[in-house]
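> My questions all concern the structure below.
The values are calculated or read from the model by the stated rules, or taken from the named source; none is laboratory data. Since we're looking at a predicted model, the values are computed, not measured. Glycine gets a Cβ as well: all are built from the backbone with ideal geometry, and neighbour counts include every protein chain shown.
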Amino acid sequence: MSTNQNNSFGNSFFNSVSLVGRAGQDTEMKYFESGSAKAEVSIAVDRGKDKEGQKITDWFKIVFWGREAEIAGEYVKKGSLIGVEGSIETNEWADQASGEKRSVQFIKASRLRLIGGRKEQGFAE
């Protein structure tokens with residue numbers, strides 16, 4: 001029997017994220033001349049409680065493209081409970097006024113799951 005001294009993934013590491021949370025606002029949609037769609041929404045994910053018993057919430061910016069973006073735009077509204085699978089990405093740029101380097105991290109979603117019930121997602125009963 002051979003033993004692997006590396007992690008269980010061998011020499012590869014994976015950039016993979018799965019989150020479940022509630023949308024902090026309605027989804028913002030953008031459409032491009034190419035016909036592609038982009039949707040952005042921030043979700044709140046509860047992490048637990050701190051030493052004083054106060055709830056800790058993390059916020060994540062989620063970006064959807066294509067058909068997933070269209071679905072998010074139609075069904076993800078403020079308060080919607082959703083599941084997201086994707087990867088962490090970083091956009092970097094230089095501030096035009098100061099020349100300082102800026103960056104923002106976000107989740108580039110590859111899959112959207114609408115978890116809330118039909119009523120929560122805006123369907124008529």
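> How many of the residues in region 12-30 are touching a strand residue (DSSP E or B) at 6+ places or on another chain (Cβ under 6 Å) and either among the charged types (D, E, K, R) or assigned to a strand (DSSP E or B) (or both)?
10
> Still on this structure, please answer the following. Within region 48-90, which residues are charged (D, E, K, R), part of a strand (DSSP E or B) and either within 19 Å of R22 (Cβ to Cβ) or without any contact (Cβ under 8 Å) to a residue 12 or more places away in the chain (or both)?
K49, K55, D58, K61, E85
> What number of residues within region 34-63 satisfy the criterion of being out of contact with any Gly (no Cβ under 8 Å at 6 or more places or on another chain) and under 14 Å from K108 (Cβ atoms)?
4
> I've got another one for you. How many of the residues making up region 50-67 are surrounded by 10 or more Cβ atoms within 10 Å (Cβ to Cβ) and among the small types (G, A, S)?
1
> So K38 passes all but one of these: (1) surrounded by 10 or more Cβ atoms within 10 Å (Cβ to Cβ); (2) within 18 Å of R22 (Cα to Cα). Which condition number does it fail?
Tallying (1) surrounded by 10 or more Cβ atoms within 10 Å (Cβ to Cβ); (2) within 18 Å of R22 (Cα to Cα), K38 fails exactly one: (2).
> Given the criteria of a type outside the set (F, W, Y) and within 16 Å of R111 (Cβ to Cβ), does G66 qualify?
Yes, satisfied.
> Go through region 64-90 and report how many residues are touching a Gly at 6+ places or on another chain (Cβ under 9 Å) and more than 19 Å from Q25 (Cα to Cα).
Here the count works out to 0.
> Any residue in region 97-125 that is at pLDDT 90 or above sitting within a Cβ distance under 6 Å of a residue that is part of a loop (DSSP other than H, G, I, E, B)? List the pairs, counting only those 6 or more apart or interchain.
If the second residue must be part of a loop (DSSP other than H, G, I, E, B), the pairs left are R102/D95; L114/Q121.
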